[in-house]
Protein chains: 2
Amino acid sequence: MSLDRILKAGSVAIIGASNNATKRGYQAIRTLLDEKYRGKIYPVNPKEKIILGLKCYANVSDIDDPVDVVLVATPARTLPAVLEDCGKKGIHGAVVLAGGFGETGSEGRSLEDEMVAVARKHNIRVVGPNTSGMLNLNDNLNLVGLRDAPKGDLALLTQSGNMALTLITEAKMNSQKGFSYYVGVGNEADIKFHEYLEFFENDPATKAILMYVEGMRNGRDFLGQARETTLKKPIILLKSGRSATGKRSAGSHTGALAGISEVAKGAYQSAGIIVIENSDELFPAAETLSNQPPIKNNKVAILADGGGQATIASDILTDLGVAIPELSKKTQTQLRKILPAAASVPNPVDVAGGTDADPSVFADCAEIILQDSNVGGLLIVGLFGGYGIRFAESLALLEENAAHRMGKLVKKNHKPIVLHSLYTPEKTQPLQLLRHYDIPVYASIEIAAKCASVLAEYGKHLHSRHAKQSFTLHWGAKAKAEGEEIIQQVHREGRNALLEHEAKRLFAIHGAPISDDRLAKTADEAVAIAAKISNTVALKIVSPDILHKSDAGGVKIKLNSEEEIRNAFDEIIENAKNFNARADIKGVLVTPMAPEGVEVIVGTKYDDQFGPVIMYGLGGIMVEILKDVSFRVLPISSGEAKKLIEETKSYPILDGARGRPPLDKEALRKLLLLCSDIMEAYPKIEEMDLNPVIVHEKGLSIVDARIILKSN
Amino acid sequence: MSLDRILKAGSVAIIGASNNATKRGYQAIRTLLDEKYRGKIYPVNPKEKIILGLKCYANVSDIDDPVDVVLVATPARTLPAVLEDCGKKGIHGAVVLAGGFGETGSEGRSLEDEMVAVARKHNIRVVGPNTSGMLNLNDNLNLVGLRDAPKGDLALLTQSGNMALTLITEAKMNSQKGFSYYVGVGNEADIKFHEYLEFFENDPATKAILMYVEGMRNGRDFLGQARETTLKKPIILLKSGRSATGKRSAGSHTGALAGISEVAKGAYQSAGIIVIENSDELFPAAETLSNQPPIKNNKVAILADGGGQATIASDILTDLGVAIPELSKKTQTQLRKILPAAASVPNPVDVAGGTDADPSVFADCAEIILQDSNVGGLLIVGLFGGYGIRFAESLALLEENAAHRMGKLVKKNHKPIVLHSLYTPEKTQPLQLLRHYDIPVYASIEIAAKCASVLAEYGKHLHSRHAKQSFTLHWGAKAKAEGEEIIQQVHREGRNALLEHEAKRLFAIHGAPISDDRLAKTADEAVAIAAKISNTVALKIVSPDILHKSDAGGVKIKLNSEEEIRNAFDEIIENAKNFNARADIKGVLVTPMAPEGVEVIVGTKYDDQFGPVIMYGLGGIMVEILKDVSFRVLPISSGEAKKLIEETKSYPILDGARGRPPLDKEALRKLLLLCSDIMEAYPKIEEMDLNPVIVHEKGLSIVDARIILKSN
C-alpha cells in the first residue's frame, strides 16, 4: 500500500484525545487547529463530549465518515485493542506515539509483535511506535506537536526526535530553508526506512532527503531503494553510534542494532548516500545539495580576501579529497588585470586588498573563475557580506550588487558557489540576498568546505557507472549441480563446515584458480602425491573436528624431501590426536607450496543490519593490528570490487609501490566477484574465509579456504 | 629588552600621520582618540601642522618629550631612514605596518635585513613588518585600527590579520570573553613569537594565549619558551598550511616556511600546547581553557535530555580519546531516585523526559555526577536553556536556578562543566547566566565535546613529568675524543658522509650494541673474517662514492659457505666497478647476519623551523607506504622517546600483539636517546639514518648506519 493515505491524510482521529492541556491528546488537536490543518479532525475518548470545540467520539467506530489515519496517544498496552477497533472501522493508517515496546526488552518486544499482527490482519500501516510523530508541512498535517517548522523542500527522516528538533531549529535560525515532511521512524515495527524513502523519492515537493540513523532493521531493502533514489535526489545521512559507548547509548535509545560501523558507512556510500560524520555538518550539507548543482569534476577554486582563510580552506579541501587545480593561464591573466600586484592568482585566489574599496570585485573574480573549464565549483572565504560593517556602510550596496550577480552566475554556468563569511551571524542584506539566490552561507570555514566537498561527492556518484560487468568464470549448470552436491554431502554428514578440500573444490568448479591438492591417508601416499604435484609441498590435517589447523599443530610447510614429508605426516597425525583424541581424521592434504607474493584475506559474513557482506584486506599485521580492511554489502558489482581493493590504505603495495612490479589486481577483482556470486548462488552458505590468498605478478593462489553453512 | 615599553607604551608617535581620512596615518590617530588612549599621541609629517586637533611634528626629533613607540605608516623603502631618526631620538620600539619586505622575495628580504640592522644599531625592537598592528586593551593602546574589540583575559598572537578579526568578531558575537592583547607578528623580522609568549606568560591580565601560526622563523626558541609557559597558562594554537596547496597559500601570504606538518604538531604538543586542527574550534577551546579547571583523569560524564545527542557525544569523545567511565553504583542509584524509570544512568546519562517538567533537575544530576570520584568533568548536551521556548515560559526560571547552581558546582568540585545547547543562538537568560559563571555554551555538539577533550588534554599535560632521565650509555671522555677523531678523519679526506663502519664505530664507542663488522680487502680475507665472526654473514661494499649500496648491487646477504662468500665478494667488486668505474673502493665489510626480529627505522634530520628532529617508524611498508612514523624535536627526554615509539599505529607489533612475545622496547628507547645525545655532542652531524634496526625479544641489531656531516 502506498503511504499516501498516511503521510497525506485528509482526516485524522486522535485516540486518547483529552481536555487536559498537559496531555499529548490535547496538544495534538491544539496544534492541528492552530496550524490550520485542512482535513477533518475527530477526537476519540469515551469520557469526553467536546474537546477544543470539536465533537468527541467514544470509539472510532462511532465516526460516520471514513478516517485516513489515527494518532494514538494512549499507552503501549492499549495498542492491540485500539488497532482492532481501527481495523473494524476500515482505517488503514496509524501513528503510534507510545514507548514501552521493543526498545525496553523482550516483554515489550512481544507486545510490539502482537500489535503488528493486528495491524497486518487489518491492513493497517503503522508509523512508530516510540516515535515523536510525523509532519506534512504542505498540508499542515502536524502530528508531532512541534510548532512553526519552516516549510520547504527537505524531507526529514530520523530515529531521534531531538535531532529533528535540532535540524528544524537550525533551519529556522541559520537558513532560508524548510521542510516538506518530517517522520520519526521510531521502532520501525511496521513501516521501514526504505518505504518512507520511496515515498519521498516520488514526492514532487521534496528535493533532498535528510536522515539521522543509529541502526536499521532492514538494511538491504534500504540500500536497494537508496540506490535508485540517489539517482534522482540526494540523501544526506548522519550515522551515529560508531563507538562502543555510542552503541550502548543508541541501544538504550531506540532499541536499534548499531552494527559494525565500517560496514554501514561503506554500504551507504556505495548506494550514493552522502554520509556525514559531524552532526553540525548535516543540515548545511542538505541545504547545499538541495540548492546548488553538483560538481562534475571534483575540482574547486578558492577565492579569499584573507591569506589565513585561504590557507585553512586549502587544507580542509585537500583533507576531504577535493582537488584545487591551478587555474589556466588565461584565467590568471584576467584576474591579474583586476587585482592588485600583491594578489595571488594560481588558486587559491587571494585578492590581497583588491576588494577593500569595491567588494563587487568578488563577482568579477567569480565570473572569471567559473568560466575556467578546469573549475567545477567555487568556494569563497572571508569577509564578504561584512564590508558594510568592517569598512564603510556604503560598501554594502556594492556587496548586494555582487550577490545578485553571483546568484545569476550559478544558474548560467551550472557550477556551484558556496560562501564562508565571518559575518554570517549578522545576517546582513548581501548575505540574505545570496541565500535568496540559493547560495549557501556559513560562519565556519570547515562547514563551507565540507559543503563544497559533498557537491563533488554527489557529482562523482551521478557520473559513475555502477553496471554489473560480466567476466568469464565457470557457471555451467553442471558446476552448480556439483556444488550443491558438495553442500548436500556436508549436510548429510551432520556437519556445518566444509573441509578445506571441499571448500576449495567448490571454488575450483566455478573457475577459481585452485592448486592440485590431494588427500593422503598414509605417509607413503603423501610422498607419492608430492612427487607428482610439486617440488615443495605443505601438509595439512583434514578433520571436521579440527577447524583451526595451525593451532592444533596440523600444518607443516616448505617440505622438500621424502624424509621431511614422512616426518611431517607422522607429526601432524600425532599432534591431531593429542589435540583431540576423538577427532575424526580424514587424512592429510598434500598441497603444492604457493609461489611468493603478497598475502591478502577475503571473507564474507552475515551482518545484523545488512545481511551478507564481503570483507577484503591485506593479510598479516595489516588486518590484525591496523584493521586496514574494507567492506561491501553483497552482491557487488565489478566497480565495487575494484573500489574494495583500492580503498584500503595498503593498496599501493599491490599497485607496485617503490619500483616493485604491480601484482595481479584483476585476478583479485575476479575472485571478489566470484565470492559474491557464490554467496548468491548458494544461500545455504553462512560465511566464507579465504585466508591467506597470495597475489602474484600473474594470478593468485588460494592457500586456505573455509566455508561455514547456516545451521538450520 | 623587555617588550613592556612597546606593548604598554605610554606615548606613541605616528610616522606618516595624515589629514586624509582614507589613510592609515589618519585612522590610527582617530582610533587612539576614539578609544581614549591614556598616553600621549604625536603625529609626525613634515607637510602637516595639525591633525585631528593635535600638533603635528616634521620629524620625531622635533618632539620634546620622550616617546615609547612609533607606529610607522610610511612605505617599506622609507624604513631604514625612519628608524635612523627614531634611534637618534632615543626611541626603542616600532610597529611597522608596511608590506613589501621578506614576503615578496629577495629584494624585499634585503630591505628587511637593512631595516633590522638599523634597529639593532639603535636598540630598537620592531613589531612586524607586514603586520596589521598591535592592541593593548587595558591601556586602550589601539595600533591596529580595529574598533570595539571586547576587553578580557585572552592574548592573541597571529600571522593573519583576518584570523584576528575572525576571533575578535566571534568573541563578540558568541561569548562573554574578550582580549588583553592582540599582536600581529607579521614577518617576525625582529621580535619573534617566543618573545611575545614570554611577555604574555608574565602578564597578570592574561589567562590564556591564542595563536594562529602558518610557519615559524625560530621554532626551537619558541618551543623552549612554550614548555615553561604552558605550565602556567594554556596556549591554544591553530596550525594551518598542512596540505601542499595550503603551504603554497601560506608562503604567498606571510613568506613563512610552512614546515613538515608532522614535525610541527608533535613539537607543539610535546611542549604542552593545545594544537587545534579545525578553525571553528580555536576560539571555543581558548574560551574553555581560560574559564574552566582542567580535567585531571581524562574521564568525562555525559548528561543528555535526548538519546540522539548522547550517542553523538559518546562517539566524538571516544574519537578524541576521552574515556566515558561507567558511573559508580552509588551514583547510579542516586540518579535513579530522581529520574524516571526509562532513564539510562550508567553514562551517558539520558534523563528520558525527567527534566521536561522541571529543568532544574539538570543541576541535581550534575551535583550527583560530579561527586563521583571516577568523573573528571561533565558534558551536558541537548536543550538546556531552551525549555522556556520549547515547553513553557515558566520553565526558564527553573533553568536559571539550575544555571546558578551549576556555576557554583564547578567552583566547589574543581571539575569543569561544558554545555551544548540547541538554543545557543537565542542567547536565553539561563545560557547567559551559565556564561556569567564561566561555563562555556556551544551550539555544536562537536565543538562542546572538543572543548571537554582539550580540558582533559591540558590536565594530562600538567600532571605528566617531563624530566630527562639518566641511563647508562658510555660517555667517557675517551669515547668523545675518539668520536671527534672519526669525524676529523672524514673531514681530512674531504668527505661529508661517514662510511658504514665509521658510523657504526661512532655508535659503538658510546655503548650502542654494534656487531663485530670487519673490512676485507680480498675474498680470502672475507672468508677468514667470516670464519671468526659468524656462521652466516652479509657482505657490503665500502666506498665513499657509493652511498646507496643496494642500488649498486653492493650487498649480498645470508652467505653460509666459503664458496658463497667468495662468489659474493667478487660479484660485489664487479658490480661496484660497473656502477662507477672511478669509485674509490675501500674494501668489503663482512658482518654477521642479524637474528630475526622486527625492522624499524631511526633517523635524524634538520627541519627548517625546528632544527634537528628525530624520526622513528617501523620499517618496510609501514614507512614506505603507510608513512606510520613519528617525529620529535631534539633533544628528547626518556618519556618522549617512549612516546615516539608508542604513538605509531603499528606499535602493537612491538608490544607482543596476538600472542607473540613482546620485543625489547627498552633497548629501542635507549637507542633513540643515544641518537639524541650524539646529535647534541657532535654539532657537526647534519643527519643520521639507522636503517634497518632489527629489534629482538632481547636487544637489537643496528644493521646499517649512515651519518652525514654538515658541509661547511
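None of the figures in this text is laboratory data; all of them are computed from the coordinates on show. Treat the numbers as computed from the prediction; the structure is a model and nothing was measured. Heads up, the Cβs are rebuilt from the backbone with ideal geometry, glycines too, and the neighbour counts pull from every protein chain shown.
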Item checked: Calculated FRET efficiency for the pair residue B:20/residue A:373, C-beta based, R₀ 35 Å, to 0.05 -> 0.20
Checklist line | Longest exposed-site-free window of chain B, the sites being chymotrypsin sites (Phe, Trp or Tyr not before Pro) in a DSSP loop that have at most 16 other C-beta atoms within 10 Å | finding: B:1-390
Item checked: Across A:480/A:643; B:40/B:172; B:232/B:670; B:532/B:670; B:23/B:47, pairs whose alpha-carbon gap is larger than 25 Å -> A:480/A:643; B:40/B:172; B:232/B:670; B:532/B:670
Check: Going by alpha carbons, how many degrees (0 to 90, nearest 10) lie between the helix axis of B:219-232 and the longest principal axis of chain B?
Finding: 50 degrees
Next item on the list: Find every distance from the label point of residue B:574 to the corresponding label point in the other copies (7 Å from Cα along Cα→Cβ) and write them in nm, one decimal, shortest first.
Entry: 4.7
Next item on the list: Hey, for a label at residue A:497 modelled as a point 7 Å past Cα toward Cβ, could you say which residues of segment A:664-689 have their backbone N under 16 Å away?
Entry: A:686-689
Next item on the list: Compute the distance in nm between two label points, each set 7 Å from the Cα along the Cα-to-Cβ direction, one at residue A:58 and one at residue B:326.
Entry: 5.3 nm
Checklist line | CD proxy at 222 nm, helix term only [per DSSP H run n ≥ 4: -39500 (n - 2.57); per residue of the protein assembly as shown; nearest 500] | finding: -12000 deg cm²/dmol
Notebook entry, point to check: Taking only Cα atoms, what is the 0 to 90° angle, nearest 10, from helix A:562-579's long axis to the longest principal axis of chain A?
Noted result: 60 degrees
Next item on the list: Putting +1 on Lys and Arg Cβ atoms and -1 on Asp and Glu Cβ atoms, find which of B:184, B:230, B:273 reaches farthest to the positive end of the dipole of segment B:148-277.
Entry: B:273
Margin query: Between residue B:358 and residue A:139, what's the calculated FRET efficiency when r is the beta-carbon distance and R0 is 45 Å? Round to 0.05.
Written below: 0.80
Notebook entry, point to check: Residues of A:171-177, mean number of Cβ from any other protein chain within 10 Å of their own Cβ, rounded to a whole number?
Noted result: 1
Next item on the list: Using a 10 Å cut-off on Cβ to Cβ distances, tally the other chain neighbours for every residue of A:312-322 and report the average as a whole number.
Entry: 6
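Taking 31 Å as the cut-off for C-alpha to C-alpha distance, list the pairs among A:698/B:558; A:265/A:684; A:330/B:239 that go past it.
Details: A:698/B:558 28 Å; A:265/A:684 27 Å; A:330/B:239 33 Å.
From the list (A:698/B:558; A:265/A:684; A:330/B:239), the Cα-Cα distance tops 31 Å for A:330/B:239.
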Next item on the list: Please identify which residues in segment B:551-588 have an amide N closer than 11 Å to a label point set 7 Å out from the Cα of residue B:531, following the Cα→Cβ vector.
Entry: B:562
Next item on the list: Rank the residues B:56, B:675 as a footprinting-exposure proxy: fewest other Cβ atoms within 10 Å of their Cβ go first.
Entry: B:56, B:675
Check: If we hang a label 7 Å off Cα along the beta carbon direction at residue B:491, how far is it from the matching labels on the other copies, in nm, shortest first?
Finding: 8.5
Margin query: Give me the three principal axis extents of the protein assembly as shown from the C-alpha atoms, as integers in angstrom, largest value leading.
Written below: 103, 98, 66
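Can you figure out the FRET efficiency of residue A:545 with residue A:117, using R₀ = 45 Å and their beta-carbon distance, to the nearest 0.05?
Once rounded, the FRET efficiency stands at 0.55.
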Next item on the list: Please pull out the direction-averaged projected area of chain B, using the convex hull of its alpha-carbon atoms, in nm² to one decimal place.
Entry: 38.2 nm²
Note to self: Please report, for residue B:535, the nm distances (one decimal) from its label point, 7 Å out from Cα along the beta-carbon direction, to the equivalent points in the remaining copies, shortest first.
What the structure shows: 2.4
Next item on the list: Return the percentage of antiparallel bridges among DSSP beta bridges fully within chain B, rounded to the nearest 5 %.
Entry: 50 percent
Note to self: Run the simple label-point estimate for residue A:561 and residue B:480 please: 7 Å along Cα→C-beta, distance reported in nm.
What the structure shows: 5.9 nm
Item checked: Principal-axis tilt of helix A:307-319 within chain A, Cα atoms, nearest 10 degrees -> 40 degrees
Note to self: Using a 7 Å offset from the Cα along the Cα-to-Cβ direction at both residue B:65 and residue A:647, what is the distance between the two label points in nm, to one decimal?
What the structure shows: 7.0 nm
